[in-house]
Amino acid sequence: MTVLLVVLAVGFAFSMGAHYTGACMGMPHALRAVTAWQALAIMAPLTFVGAALASHGVAHTVGHGLVTGQLTVTAQVVVIGVAFALTTLFNVLRVPTSTIQILVFTVAGVALAAGAGVQWATIGILAAIWAAAPLSPGCWGSCSPAPSTSPRPCGTSLPPAPSRGHPVGPRDGPGPGRARPRHRPDHGRGRGLVRDGRQ
């Protein structure tokens, strides 16, 4: 049973790596910022380093903080086997999910079936954190100041575009810059307007 437990644990780790690589790199890959192989090259070493250096607290909570007693090897095989199967199923169905939630509730379910005590306080704290996680970005966004913008007043339109080959100058269009005809006294010659330099 111990060998089977190790094999299932390795398979579960493989399935988790596939799942979280897709979850973390799905958006950059969809935006064509990285290729599939580039995403794999980024995730693989970082996942290994993170698991080796920063996963001890989570591993201790899952291994010792969810049940009051000690699960047997058979019960542990059931836990890892069910979590491995569900994660692989979601990978096949292309459904993003949380493997840690699958694992935690699988441990709780097997512990109840085996008659072991469940530390519901710890599971309640985890459930509260998971429930608050999607709400925190919304609260943060609503409390953040809106970017300063200066939109055009409602009902106004953009100025007309200049016609091709005819630059817009101060003499075009209505307004105070439009040229006006000049007046000269006619001195009895019958014409009061002088246009283009001619009487």
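Just a few scattered comments:
- Compactness relative to 2.2 N^0.38 Å, alpha carbon Rg of region 2-131: 1.14
- Here the peptides 16-26, 115-125 are ranked by packing, the mean other Cβ count within 10 Å, and the order with the highest first is 16-26, 115-125.
- Centre separation in Å (Cα based) which lies between region 57-78 and region 1-32: 20
We did not get these values from a lab; they are worked out from the coordinates using the rules stated. Everything numeric here is computed off the predicted structure, so don't read it as measured data. Glycine also receives a Cβ, built like all others from the backbone with ideal geometry; neighbour counts cover every protein chain displayed.
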